[in-house]
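Beneath this line is the structure, given in structure tokens, with notes to follow.
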Amino acid sequence: MSGWQAAIERIGVTLSEQQRLRCELYLDELLRWNQRINLVGFRDPQQVGIEAIADSLAILHVIPHGWRTKRLAVIDVGSGGGIPGVALQIACPSWEVTLVEASQKKATFLSSLTRIDGLNRLNVVCRRAESLAHDTGYREQFDLAVCRAVAPLPVALELVSAFLKVGGKFIAQQGTESLKRLSQLTGIVNQLAVRLVQRHQYQLLPTTAERTMVLFEKSDHTPSRFPRPPGVPQKRPLHPDAPPPR
């Protein structure tokens, strides 16, 4: 049994044989393209499988259980190699998953995945999230947003929150340093009309380090000025002590 299959069994995620095959086809493409463009930082196939499949599917533990079979609109911001959006679409085939990626080379890879049988509900958009979030076809149109280590949490919240419907959920998979500052986010979440719901810790395998993801919920409409123009959220992250806009 491969490392990623052992990991999903450990975290209690079940896939059909057909879904496992689709995961293997996705990993084959990811590894092949990764030789030409930098899609993931790992080169070991076992580690790539754990990161691209098992860690992505761990997200299923922090969403309402009934959502797994609903027809949800899902957005993966800064998708890169398709992590976590592709594995989620394989596991939840009724989901319509939009992969947002600013790099044309990475977006070309993501578009190639739609030729895999069963992945025709993947949509790829090659644009900056800051501008796409002001497009009426995407703004507040999604039930669930995911984002894996694209930016520090205050920046990720600004990039993602405008895509969510009121009541929609955002799951952030972040590094340890970013999560240490969760207590400082109060002013930022107030500005963006989201609220912190849950922090979930998990371990994929006995030999791997403990990981954390954070669940937020959209509580109101996003103020029209967010997200700010491309590059600004990264250069001037929102200050936690700033009051919410009027």
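Any idea which of Ala52, Ala87 is touching an Asp or Glu at 6+ places or on another chain (Cβ under 9 Å), surrounded by 22 or more Cβ atoms within 10 Å (Cβ to Cβ) and in contact (Cβ under 8 Å) with a residue 12 or more places away in the chain?
Going through Ala52, Ala87 in turn, the sole match is Ala87.
Across region 184-202, which residue is nearest to Leu164 (Cα to Cα) among those that are free of Cβ contacts under 8 Å to residues at least 40 places away in the same chain and not hydrophobic (A, V, I, L, M, F, W, C)?
The extreme case among them is Arg195.
What number of residues within region 56-70 are at pLDDT 95 or above and touching a strand residue (DSSP E or B) at 6+ places or on another chain (Cβ under 7 Å)?
Residues meeting the conditions: 2.
For Val146, indicate whether it is in contact (Cβ under 8 Å) with a residue 40 or more places away in the chain and either buried (at least 16 other Cβ atoms within 10 Å of the Cβ) or within 22 Å of Ile63 (Cα to Cα) (or both).
So Val146 fits the description; yes.
Report, by residue number, each residue of region 114-131 that is out of contact with any strand residue (DSSP E or B) (no Cβ under 6 Å at 6 or more places or on another chain) and either at pLDDT 95 or above or farther than 20 Å from Leu60 by Cα (or both).
Listed by number, the residues that qualify are Arg115, Ile116, Asp117, Asn120, Cys126, Arg127, Arg128, Glu130, Ser131.
Would you be able to say whether some residue in region 8-30 is over 30 Å from Gly167 (Cα atoms), of a type in the set (Lys, Arg) and without any contact (Cβ under 8 Å) to a residue 12 or more places away in the chain?
No: zero hits.
If only one of Ile11, Ile37 is farther than 17 Å from Leu204 by Cβ, surrounded by fewer than 23 Cβ atoms within 10 Å (Cβ to Cβ), in contact with a helix residue (DSSP H, G or I) (Cβ under 7 Å, 6 or more places away or on another chain) and of a type outside the set (D, E, K, R), which one is it?
Unique residue meeting the criteria: Ile37.
Given the condition assigned to a helix (DSSP H, G or I), within 22 Å of Glu29 (Cα to Cα) and of a type in the set (S, T, N, Q), answer yes or no: does some residue in region 84-93 qualify?
yes
Considering only residues that are at pLDDT below 90 and not basic (Lys, Arg), which ones fall in region 168-182?
Within region 168-182, Gln173, Gln174, Gly175, Thr176, Glu177, Ser178, Leu179, Leu182 meet the criteria.
The values are calculated or read from the model by the stated rules, or taken from the named source; none is laboratory data. A quick note: this is a predicted structure, and the numbers were derived from the prediction, not measured. As a convention, Cβ positions derive from the backbone with ideal geometry for all residues, glycine included, and neighbour counts pool all protein chains shown.
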